[in-house]
Amino acid sequence: MEAFYINSQGMKIIQESELQSEVEDGFRLFVLGLEAWDQVPLLWTDHLEQQLDWIERLRERDAVELSEPAKEGALAFHPRFERLSMNVHYMCFRDIDEQRNERPIRCFLTSKVCVLLGWNGADQERLSEWAGRGILTNPLELACAFGLRVLRHHQNQLESIEDQMDVIEEQILTASRAWQLKQIISLHRQVLGLKRSINAHQSVFGRLKNIEKPEYGDLQEELNFEMQRVINNAHQTHEMIESLRAAYQAAVDNRANDIMKVLTLVATIILPITLLTGYFGMNFEFMPFIHHPYGIWGFYGLSATIFLIVVLYFWKKKWLE
């Protein structure tokens, strides 16, 4: 377990002898292992048994979510906010890395203590810089900072999907293929997963205002603003996915129409020749050209003439374009 003291002067490591000292300005930050639930310090005075019950319940629920296989677009971890007591809160954010792997950011908050289960990619130097600039004034500001980072990662995923859509759109306009529809469906599921995640975070971020704190922090205002922006981007990207799928279907339909057009033209051009072939193929004794030495060439010439007349007619009608 790592312990830090954060105030307007910065961030410093707390020695073991200082753990029991009173906090006048700032707050304490405890960073545990990812699964070190049993090392969470006492957050509710004289209620150790109740705290152990909370932690056991939260750990079992997270274990069940982790054990369930997640389909594409589904959430392996669900963002949540819980008030465990009057001044003890539990939050779980759903973070996404560049490989689209999910990881939970779990933290316990009181007015003077923040407990993290793992650093979760946080930069200790960055937190120290923020503390020195007076940005991290209480545990809630730290939670909002993690929320902002989660939203930035969601935004990065949306931008990555938009880049893939641009590539697919260019490929569809060049030549539509069946595998493009599978990619569109995959992107559609990814956007739906991001929308579910953002909507779940919106509920969590909205309940942060219920936490008692000295003042309404700037980071929380920025978090709410960023939340709305990412939601709008998610809706926009989802609409673009729908438009891309419609464009793919239109391209497939046009290709099918072109194929039917070619088949219809070929069948129409060959139809007169087929009639001639059927006529001269009848079993009669007296028929034109049947006993003439150049009859076969006359048949070929008549067929070629009919073929050219039909093609010329289609060309003048611009049906061959």
Fill in: Scattering profile of segment 38-194 at q = 0.10, 0.13, 0.20 Å⁻¹ [log10 I(q)/I(0), Debye over alpha-carbon scatterers]
-0.50, -0.74, -1.29
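Let me have the relative contact order for the chain, percent, based on Cα pairs under 8 Å that are six or more residues apart.
17 percent
Could you tell me which helices of the chain pass both thresholds, a Cα extent of 15 Å or more along their own axis and a mean Kyte-Doolittle hydropathy of at least 0.0, with helices taken as whole DSSP H runs?
218-280, 295-316
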Worksheet entry | Cα-based Rg of segment 118-213 normalised by 2.2 N^0.38 Å, two decimals | 1.53
Discussion item. Between LEU142, LEU34, LEU275, where does the largest GNM mean-square fluctuation fall for the chain, given springs only between Cα atoms within less than 10 Å?
Written reply: LEU275
Fill in: Structure-based [θ]222 nm, the chain - -39500 (n - 2.57) summed over DSSP H runs of at least 4, per residue, nearest 500
-20500 deg cm²/dmol
Worksheet entry | Per-residue HN-Hα couplings for segment 99-114 [Karplus 6.51, -1.76, 1.60; θ = phi - 60°; Hz; x = Gly/Pro] | 8, 6, 7, 8, 8, x, 10, 9, 8, 10, 10, 10, 5, 10, 9, 10
Item to complete: At 37 °C and 0.692 mPa s, grab the translational diffusion coefficient of the chain from Stokes-Einstein with a Kirkwood Rh over Cα pairs, rounded to a whole number in µm² per second.
Response: 130 µm²/s
Worksheet item: FRET efficiency for THR264 and HIS235, Cβ-Cβ distance as r, R0 = 35 Å, nearest 0.05?
Response: 0.25
Worksheet item: What percentage of the solvent-accessible surface of segment 1-160, computed with a 1.4 Å probe over protein heavy atoms, is contributed by carbon and sulfur atoms?
Response: 47 percent
Worksheet entry | ASN199-GLU16 pseudo-label distance in nm [points 7 Å out on the Cα-to-Cβ vector] | 5.0 nm
Response to the item:
Once GLU68 and VAL167 are pulled to full extension, the length gained, defined as 0.36 nm per residue separation minus their Cα-Cα distance, is 32.3 nm
Worksheet item: If Lys and Arg each add +1 and Asp and Glu each add -1, what is the summed charge of the other residues whose beta carbon sits under 15 Å from the beta carbon of GLU170?
Response: -3
Worksheet entry | Per-residue SASA entry for LYS12, accessible area with 1.4 Å probe, Å² rounded to 10 | 110 Å²
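The values are calculated or read from the model by the stated rules, or taken from the named source; none is laboratory data. Here the structure is a predicted model, which means the values were calculated and not measured. Note: ideal-geometry Cβ built from the backbone for every residue, glycine included; neighbour counts use all protein chains shown. Remember, those area values only see protein heavy atoms, side chains included, never the ligands or the DNA or RNA. Shrake-Rupley method; radii C 1.70, N 1.55, O 1.52, S 1.80 Å.
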